[in-house]
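Below is one structure, written out as structure tokens; the observations come after it.
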Amino acid sequence: MADIGETTLEIDLSALAHNFHFLKARLEPDTKFLGVVKAFAYGSDMVAIAKKLESLGIDYLAVAYVKEGVLLREAGITAPILVLHPQPTHFKALIDHGLEPSLYSPRVLREFLAIAEQQGQKKYPVHIKFNTGLNRLGFWENDVEFIFKQLNGSTVLKIKGMLSHLAASEDENERDFSLNQIDTFKEIATKLKNQLGYSPTLHMVNTSGILNYPEAQFNMVRSGIGLYGYGNHPHFDQVLKPVATLKTVISQRHKIEPGESVGYNRAFKSDGYRITATLPLGHADGIGRQYGGGKTFVTIKGKKAPIIGNVCMDMIMVDVTDIECKEGDEVIVFGKGNSAEGFANTAQSISYELLTAISSRVRRVIKP
Ligand SMILES: *Cc1c(COP(=O)(O)O)cnc(C)c1O
């Protein structure tokens with residue numbers, strides 16, 4: 001295997017294509033597919049992922065903030081882009097870049113309407129977000145009248161979409177709650193449709209919603225984590241392929257004698273003869289201190305090497321006593337062969353948090 005010589009995050013675009021096709025196969029033929037590429041495409045490479053998704057025929061993309069959408073437009077992405085959590089201070093930039101806002105409150109709707117009007121917009125496409133139980137962002141069911149009054153007779157905006165978001169789509173124990181959210185969304189959609197006289201694009205489910213509530217696909221689904229290879233369930237983690245693999249190398253090996261310690265604050269104290277390897281990545285790269293202390297492992301030559309002692313800013317130390325390895329050898333931190341979900345779970349975290357934490361110091365390597 002070629003010596004990669006440094007810490008890299010390998011982005012496998014063929015794995016992305018596999019995951020896209022797997023999820024797409026679970027949709028009704030006319031259900032649209034929105035790919036969520038917020039937070040640098042879950043910590044990978046937003047532009048590379050968006051371009052690949054466009055080439056695969058994705059219908060829509062979504063980001064959290066306006067500046068993420070602006071980056072996509074500047075990179076030449078032409079697909080419709082939904083901005084899930086736009087702030088009024090960026091509404092002008094949003095319009096300038098042809099992004100579509102998710103409008104989630106009376107304040108945000110009024111401000112968007114005012115700016116779109118100033119800009120002389122006609123039928124500017126917007127999505128209206130309803131809160132059906134997550135209690136995070138969204139209008140309430142009884143805001144339908146208000147929304148309609150604001151837009152009535154105005155040609156400035158066009159309600160192109162209507163969305164909501166499930167609170168616990170991955171949790172089978174919350175099935176009744178999720179079904180109730182879905183019913184509430186249907187009710188609101190009917191009310192809004194009746195008022196508008198046409199039906200906007202309805203979208204509600206995320207990855208786990210696609211997998212667990214196929215009846216709630218409506219007109220479009222929004223998938224993030226599934227595209228990146230994780231399904232919030234061991235079964236789906238098996239069939240999806242991780243897009244991002246964090247790799248590094250062994251910088252140095254040490255022989256540790258009984259009673260010696262390793263790393264800051266002497267957090268690891270050896271009770272025997274051990275061999276450690278020092279790796280060039282640390283909490284500044286996104287592997288937080290919660291992964292120290294021996295409960296999380298990296299893989300070297302297919303074997304588990306626990307992270308021992310405290311995670312440093314730029315380094316971690318792993319125990320390689322039982323692994324035949326040398327300085328310069330490749331180390332898989334997570335990804336292919338050591339799932340990000342499993343790695344994250346050792347510290348009560350989840351794949352989403354681990355993936356999006358990998359900092360910009362780590363070089364991204366795109367594999368076609
Ligand atoms: C992030 C996000 C998604 C994607 O969720 P996944 O679980 O990653 O598929 C979908 N919808 C909204 C509103 C989101 O914020």
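The values are calculated or read from the model by the stated rules, or taken from the named source; none is laboratory data. Here the structure is a predicted model, which means the values were calculated and not measured. We place every Cβ from the backbone using ideal geometry, glycine too, and count neighbours over all the protein chains shown. Accessible surface is based on the protein model in full, side chains and every heavy atom, while ligands, DNA and RNA are left aside. Shrake-Rupley method; radii C 1.70, N 1.55, O 1.52, S 1.80 Å.
Worth a mention:
- Taking the stretch 185-218 as the range and being in a helix (DSSP H, G or I), open to solvent by less than 30 Å² (accessible area, probe 1.4 Å) and modelled with pLDDT of 95 or more as the test, the residues that pass are Phe185, Ile188, Ala189, Thr207, Ser208, Gly209, Ile210, Leu211, Ala216.
- Just one of (1) out of contact with any Phe, Trp or Tyr (no Cβ under 9 Å at 6 or more places or on another chain); (2) open to solvent by 10 Å² or more (accessible area, probe 1.4 Å); (3) away from the ligand (no atom under 16 Å from the Cβ) fails for Ile250. It is (2).
- Residue within the stretch 149-168 that is within 30 Å of Ser351 (Cα to Cα), among the β-branched types (Val, Ile, Thr) and modelled with pLDDT of 95 or more present: no
- Restricting attention to the stretch 126-151 and to residues that are polar (S, T, N, Q) and either touching a residue at least 60 places away in the same chain (Cβ under 8 Å) or within 16 Å of the ligand (Cβ to nearest atom) (or both), the residue that is surrounded by the fewest Cβ atoms within 10 Å (Cβ to Cβ) turns out to be Asn135.
Per-residue answers, yes or no, for (1) of a type in the set (Val, Ile, Thr); (2) loosely packed, with under 15 Cβ neighbours inside 10 Å; (3) under 22 Å from Thr8 (Cβ atoms):
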position	(1), (2), (3)
Tyr273	no, yes, no
Leu279	no, no, yes
Gly286	no, no, yes
Lys301	no, yes, yes
Cys312	no, no, yes
Val318	yes, no, yes
Glu327	no, yes, yes
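- Checked against the criterion of being under 19 Å from Ile58 (Cβ atoms) and not small (Gly, Ala, Ser), the candidates His203, His233, His165, His254 yield just one match: His203.
- Qualifying residue in the stretch 223-236 (condition: out of contact with any Gly (no Cβ under 7 Å at 6 or more places or on another chain), within 13 Å of the ligand (Cβ to nearest atom) and assigned to a helix (DSSP H, G or I)): yes
- Among the residues listed as Gln217, Gln181, the single one being more than 24 Å from Val108 (Cβ to Cβ) and either within 13 Å of the ligand (Cβ to nearest atom) or not small (Gly, Ala, Ser) (or both): Gln217
- All of (1) away from the ligand (no atom under 16 Å from the Cβ); (2) hydroxyl-bearing (Ser, Thr, Tyr); (3) surrounded by 17 or more Cβ atoms within 10 Å (Cβ to Cβ) hold for Ser164 with one exception: (1).
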